[in-house]
Amino acid sequence: MLSLPSSSSSSIFRHKYDVFLSFRGEDTRKNFTDHLYTALNRSGIITFRDDRKVEVGEGIAPELFKAIQESWCSLIILSETYVSSGWCLDELAEIVKQRNERGHKIFPIFYDVDPSDLRKQTGRVEEAFVKHGDKYKDHKDKTQRWRTTLSEVANLKGWHLNNRHESEFIGDIVKKISAKLCQTYSIVPDGRLIGIDSRLEELHSKIDIGEDDVRIIGICGMGGIGKTTLARVVYTQMSPHFEGKCFLADVREVSKKYGLVSLQKQLLSQVLLEEGFNLFNVHEGNATIRHRLSQKKVLVVIDDADNMQHLKCLVGSRDWFGLGSRIIITTRDEHLLQSYRVDVVYKNSTLDENEALRLFNLKAFNSDKVLENDFSELSKCVVEYANGLPLALEILGSFLCGRDATQWRSAIARLKKESNKEIHDRLLISFDGLEETEKNIFLDIVCFFIGEDKDFVLQILDGCEFFPDIGIDVLIKKSLLSINENNILGMHDLLQEMGRKIVKQKSIDEPGKRCRLWEEKDVYHVLTKNTATEAVEGMVIDIKRYKYELFVIELVF
């Protein structure tokens, strides 16, 4: 639920080509270069190759300069006679110039040549430069520039053929270029996602599609924090580089309504682009997925998984998928990922204050710029309430869009008394998935113990026979609770609001019929009016002027 624009990337230059191939035609045009060009294009990598068979003229043609400038990177195939060609060296000088001035990427391929010979410019390399010196004796600056650029490129990290099979060598190059390109794509149709860049960078490093292993990556965090959006962005970026792909959305809800077999069919149909899979139970589905996908490099997203059965029937084990496959699982439950032994877990975070304000303004005013008008302070009030949660910022921004300042003030005042239903319902999903004892622990912490020391809370809850050691760990793993470096319990403000609303809904008008009492006015009402019932399990009185707190747990009236 990370959302839209970032000024730093609003003017990203769109390259016409992904790759510019620089090569000596007589060395590699009809073999290595041709095979590499074909493999790159087959992988969806847009590649420029000069198809002229003969080098014409003293310098490279203007269209080649333009093609270099319009490419994201250059693959330079340094073959045996590459440096014998003034044409190739002019091309190389332009490539290095673009690297230094515009950040153009360079990836040298050492095709049966020793990089040290190129760096030191000895042997055949020196012989070639002697000939260039004779030919361009009146242009020594030209040959010196060639020498400098060749040394610079030879010092770069590249790929070495080293007597390997060319098909295998080319395959490795294509994988590495694919992985690097994935991190450059802009994929949001109606703008850019606010706060996405740093998160994508970290997630890309964990996914690492350039490696040949089968990797399972988990994305976890509280509801509404943007797990699905992040997974969707990565999926859209990376899917061109896989043989098959599938995004299984809302797995928790879909499996409840239609069963896991329907999701197994969807997985097979999307990856194999076939219809009509007749599966009668999950066991048949497991066997079919393993048999049909085990040799296929696939990208699969399992969105919003919440129990082990989802993973057993849709992910199975790593040998269900071909080498290079990547499986991404989004969930609110970190323990589910740990139990399934995923390779890496990425914990999504809330937006910082600046990102949150920009997202809210985008939804409320269709602009991510910070406003300086009557709505400026009102916007900050809403952003403070949402506390960086993208779900809340989007819902409240959209709700307030087009309304006047008076209506904004009324809506903000209402939020202090009554939470937004759409936000509440989305967060409630996590609470509803808890066991009864864990619900009680959650509600006690929400009402009484936010900001308290964990060990102190454990002592109290243990006296209630709530088995708090395991219960609190469950809440943490389900992204409902956090513990800071000082051992203090905390949670997102909207989760606390959701929990307290659950308690108040037990009895809207009479606090004496609620299970927990924490507000002084409610406690005062119950004690002075004698309205307490057997429903009351806990009460807290915070008398700050006397500098002490009284906790009464499991009251019996």
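The values are calculated or read from the model by the stated rules, or taken from the named source; none is laboratory data. Quick caveat, the model's predicted, so the values are computed rather than measured. Neighbour counts are summed over all protein chains in view; Cβ atoms, including those assigned to glycine, are modelled from backbone coordinates with ideal geometry. SASA here: full protein model, heavy atoms, side chains in, ligands and nucleic acids out. Shrake-Rupley method; radii C 1.70, N 1.55, O 1.52, S 1.80 Å.
Going residue by residue through the range 55-66, is there one that turns out to be open to solvent by 70 Å² or more (accessible area, probe 1.4 Å), in contact with a Ser or Thr (Cβ under 9 Å, 6 or more places away or on another chain), closer than 20 Å to PHE32 by Cβ and not in a strand (DSSP E or B)? Yes: one or more hits. Residues considered: ARG332, ARG341, ARG409, ARG326. Of these, the only one that is under 25 Å from GLU253 (Cβ atoms) and open to solvent by 30 Å² or more (accessible area, probe 1.4 Å) is ARG332.
For the range 180-198, taking the residues that are in a loop (DSSP other than H, G, I, E, B) and charged (D, E, K, R), the one that is modelled with the lowest pLDDT is identified as ASP190.
Pull out all pairs, ordered by first then second residue, where Cβ-Cβ is under 7 Å, the residues are six or more apart or on different chains, the first lies in the range 209-230 and is closer than 22 Å to SER482 by Cα and assigned to a loop (DSSP other than H, G, I, E, B), and the second is open to solvent by 10 Å² or more (accessible area, probe 1.4 Å) and aliphatic (A, V, I, L, M). Listed by first residue and then by second, the contacts come to GLY223/ILE429; GLY224/MET1; ILE225/MET1; GLY226/MET1. The single residue among LEU427, LEU434 that is within 24 Å of ALA305 (Cα to Cα), in a helix (DSSP H, G or I), of a type in the set (A, V, I, L, M) and at pLDDT 90 or above turns out to be LEU427. Residues considered: GLY244, GLY223. Of these, the only one that is more than 21 Å from SER178 (Cβ to Cβ), surrounded by 20 or more Cβ atoms within 10 Å (Cβ to Cβ), in contact with a Lys or Arg (Cβ under 6 Å, 6 or more places away or on another chain) and modelled with pLDDT of 90 or more is GLY223. Among the conditions (1) part of a helix (DSSP H, G or I); (2) touching a Leu at 6+ places or on another chain (Cβ under 9 Å), the only one that LYS257 does not satisfy is (2). Going by the conditions given, is VAL261 within 22 Å of SER430 (Cα to Cα), more than 21 Å from the chain's Cα centre (by Cα) and of a type in the set (A, V, I, L, M)? It is false that VAL261 is within 22 Å of SER430 (Cα to Cα), more than 21 Å from the chain's Cα centre (by Cα) and of a type in the set (A, V, I, L, M). When the residues of the range 459-473 are narrowed to those that are under 13 Å from PHE442 (Cα atoms) and among the hydrophobic types (A, V, I, L, M, F, W, C), which ends up surrounded by the fewest Cβ atoms within 10 Å (Cβ to Cβ)? Out of the qualifying residues, it is ILE470. Could you tell me whether any residue of the range 531-549 is modelled with pLDDT of 90 or more and assigned to a strand (DSSP E or B)? No: the range 531-549 contains no residue that is modelled with pLDDT of 90 or more and assigned to a strand (DSSP E or B).
If I go through the range 391-406 residue by residue, how many of them are closer than 16 Å to PHE360 by Cβ and either of a type in the set (Ser, Thr, Tyr) or touching a Leu at 6+ places or on another chain (Cβ under 9 Å) (or both)? So that I can check it myself, show each step before the final result.
Going through the range 391-406, the residues closer than 16 Å to PHE360 by Cβ turn out to be 391-403, 405.
Checking the rest, the ones that are also either of a type in the set (Ser, Thr, Tyr) or touching a Leu at 6+ places or on another chain (Cβ under 9 Å) (or both) come to 391-394, 396-398, 400, 405.
The qualifying residues number 9.
Considering only residues in the range 90-139 that are among the small types (Gly, Ala, Ser) and free of Cβ contacts under 8 Å to residues at least 40 places away in the same chain, the one that is surrounded by the most Cβ atoms within 10 Å (Cβ to Cβ) turns out to be GLY133. Among the residues of the range 452-483, the ones that are part of a loop (DSSP other than H, G, I, E, B) and under 30 Å from ASP304 (Cα atoms) come to 6 in all. If only residues of the range 252-270 that are surrounded by fewer than 19 Cβ atoms within 10 Å (Cβ to Cβ) and in contact (Cβ under 8 Å) with a residue 24 or more places away in the chain are counted, the one that is farthest from VAL315 (Cα to Cα) is GLU253. Taking the range 297-323 as the search range and keeping residues that are out of contact with any Ser or Thr (no Cβ under 7 Å at 6 or more places or on another chain) and not hydrophobic (A, V, I, L, M, F, W, C), which one is nearest to GLU253 (Cα to Cα)? Across the range 297-323, the extreme among qualifying residues is ASN307. On the stretch given as the range 484-526, residues that are surrounded by 15 or more Cβ atoms within 10 Å (Cβ to Cβ), more than 41 Å from the chain's Cα centre (by Cα) and not in a loop (DSSP other than H, G, I, E, B) total 7. The condition (being of a type in the set (A, V, I, L, M), part of a helix (DSSP H, G or I) and either at positive phi or at pLDDT 90 or above (or both)) is satisfied by just one residue among ILE170, ILE106, ILE177: ILE170.
Would you confirm whether any residue within the range 380-401 is open to solvent by less than 30 Å² (accessible area, probe 1.4 Å) and under 30 Å from GLU243 (Cα atoms)? Taking every residue of the range 380-401 in turn, none turns out to be open to solvent by less than 30 Å² (accessible area, probe 1.4 Å) and under 30 Å from GLU243 (Cα atoms).
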